[in-house]
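Nothing in this text is a laboratory measurement; each read-out follows from the coordinates by a stated rule. Predicted model, so just to flag it, every value in this text is computed and none were measured. All Cβ positions, even for glycine, are placed from backbone atoms using ideal geometry, and neighbour counts span all protein chains on display.
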Amino acid sequence: MSDQHDIIIIGAGLIGLCTADALLERGAKVTVIEARPGPCEGTSFSNSGMIHPSQALSWDSDKLTASALSREALAAGYVTARLAERSQSRLAQKISSFGFPPRTAGCFQLHADFDSARAAQARYQKLGIQTDVRIDPDLTFGLAACFFPNDTSGNARKFGCALADDLARRGVAFKYEAKAQDIRRAQDGFAVSTAKGILHSEHLVVAAGSASPACLARLGVRLNLSSVAGAAMDFTLPEDGTALPACPIMDAQSRSALTVFDSHVRISGGWHVTDPKTLLRRWRDIAPDFVNGLGAPISEWTATRPVSPVGRPYISGTSIPKLWINTGHGHMGWTLCAGSGELLARLILKEAEDNRFTFAG
């Protein structure tokens, strides 16, 4: 059986869902196909929750010199930060429309000492990011920290599932457990073969995270992405009156975070981390009393983030007409999802021209 659709999006993570949302707002007919049984079951599943334009710089240490930003890293970080700020505003509107309660604004980032925090502050200022340096026995576990008052947070998977339900009600077709087994160019666009049948569309958007290169390879397009592993552990909220951090706390050394959600505490993140226990050991060093008081984890999780070598995502067309990509967001997927979806929708429907996130392939 074959169906005709204007736009097919491969990937029902936050990036794919927000792309569908922006296209639907503009009157497009959209189908989302996803290999997993439901939305946000990949990188979005156990996200750290931070909506943090502050972290627009690449987390790849090779893109930083010992004392300063390289010109390329600064340029990539600057444009990513501006997209992140736009995305944050759009996300705030969506989160509010779903009736989710507001969270305490701001995020902390822990550093080895006061001088390290000051050096980080100088880097963030080059990106136009407001940053204060603080040391507080309760808010920062007594360590020197950068505070980003304009960062926010939220439950990424909860939002993604709510958005998927909303999109379905508004007319987006979803095909789950429908891995793209074959993708071919057809007379009027593209044909995507899945276990759910063959779907046809005029436009095709690949927003499949770390699986994006494999999808594009079927059409002869080479996409250079790294799959960088991260991990997470969830813990039951303490019931003994333990004071909980009011907003997420990042650790600059391990690229991980401690976040308190409505029903659990999460330690998550990392860079090339495949074992959640690695993060747990680090946070026991940072805050031994607090972390040991959490007890045993109730769940563990690992996944990979799609990381581009240029330090910013790819949001653009390709060498094949009407084939589009929205991927490579690395640790910024939750932060950038709404802005990335809006930007790609505008490019597809010729509302704007923007080459800041162009993929040359």
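Peptides 29-35, 174-180 ordered by packing proxy, namely the average of other Cβ atoms within 10 Å per residue, highest first: 29-35, 174-180. Rounded to the nearest 20, the size of the Cβ-charge dipole of the chain about its Cα centre is 940 debye, with Lys and Arg at +1 and Asp and Glu at -1. Suppose every K and R has +1 on its Cβ and every D and E has -1 on its Cβ; what is the size of the dipole of region 12-61 about the Cα centre, in Debye to the nearest 20? Dipole about the Cα centre, nearest 20: 140 debye.
Taking a ≥ b ≥ c as the square roots of the eigenvalues of the Cα gyration tensor, an a/c ratio of 1.5 or more together with a/b larger than b/c marks region 147-272 as prolate. Taking the charge dipole of region 90-173 about its Cα centre, with +1 at Lys and Arg Cβ atoms and -1 at Asp and Glu Cβ atoms, the residue from Phe159, Ala112, Ala173 reaching farthest to the positive side is Ala173.
Across the chain, Cα-Cα pairs more than 26 Å apart make up 48 percent of the total. From the square roots a ≥ b ≥ c of the eigenvalues of the alpha-carbon gyration tensor of region 317-361, which class results: rounded (a/c under 1.5), prolate (a/b over b/c), or oblate? Since a/c reaches 1.5 but b/c is at least a/b, the shape of region 317-361 is classed as oblate. To the nearest ten degrees, helix 156-169 and the longest principal axis of the Cα atoms of the chain are 30 degrees apart.
Across the options Ile315, Gln253, Gly339, the greatest Cα extent toward the positive end of the charge dipole of region 244-361 (unit charges at beta carbon of Lys, Arg, Asp, Glu) belongs to Ile315.
FRET efficiency for the Ala252 to Ala105 pair, using the beta carbon distance and R₀ = 25 Å, is estimated at 0.80. Highest mobility in the GNM of the chain, judged by mean-square fluctuation with C-alpha springs under 10 Å and restricted to Asp275, Asp151, Asp188, is found for Asp188. Cα centroid separation, region 327-361 to region 93-129: 22 Å.
Can you tell me the orientation of helix 71-97 relative to the chain, as the angle in degrees between its alpha-carbon axis and the longest Cα principal axis, to the nearest 10? Relative to the chain, helix 71-97 is tipped by roughly 80 degrees. Applying a 4.7 Å Cβ-Cβ cutoff to the chain, the cysteines left without a disulfide-compatible partner are Cys40, Cys107, Cys146, Cys161, Cys215, Cys247. Taking 24 Å as the straight-line reach from the Cα of Lys196, the lysines in range (excluding those fewer than 8 positions away in the same chain) are Lys29, Lys175, Lys179, Lys322. Computed over the chain with a Gaussian network model linking Cα atoms closer than 10 Å, the most mobile of Gly270, Gly189, Gly99 is Gly99. Stretched out straight at 0.36 nm per residue, the stretch from Gln181 to Ile320 would grow longer than its current Cα-Cα span by 48.1 nm.
The charge dipole of region 119-216, taken about its Cα centre with unit charges on the Cβ of Lys, Arg, Asp and Glu (plus for the first two, minus for the last two), comes to roughly 280 debye. If R0 is 56 Å, the Cβ-Cβ spacing of Arg26 and Lys277 corresponds to a FRET efficiency of close to 0.75.
Summarising the label geometry, the points placed 7 Å from Cα in the beta-carbon direction at Asp188 and Asp289 lie 6.9 nm from one another. When the charge dipole of the chain is built from unit charges on Cβ atoms (+1 for Lys and Arg, -1 for Asp and Glu) and taken about the Cα centre, the candidate among Gly77, Cys146, Gly293 whose Cα reaches farthest toward its positive end is Gly77. Once the Cα atoms of helix 333-348 and of the chain are each reduced to a long axis, what angle between those two axes, in degrees from 0 to 90 to the nearest 10, is obtained? Rounded to the nearest ten degrees, it is 30. For region 217-361, relative contact order (Cα pairs under 8 Å, six or more residues apart, normalised by length) works out to 26 percent. Projected label points at Ala173 and Asp136, each 7 Å from Cα along the beta carbon direction, are separated by 5.1 nanometres. Structure remark: mean-square fluctuation, Gaussian network model of the chain, C-alpha springs under 10 Å; the largest value among Gly42, Gly295, Gly13 belongs to Gly295.
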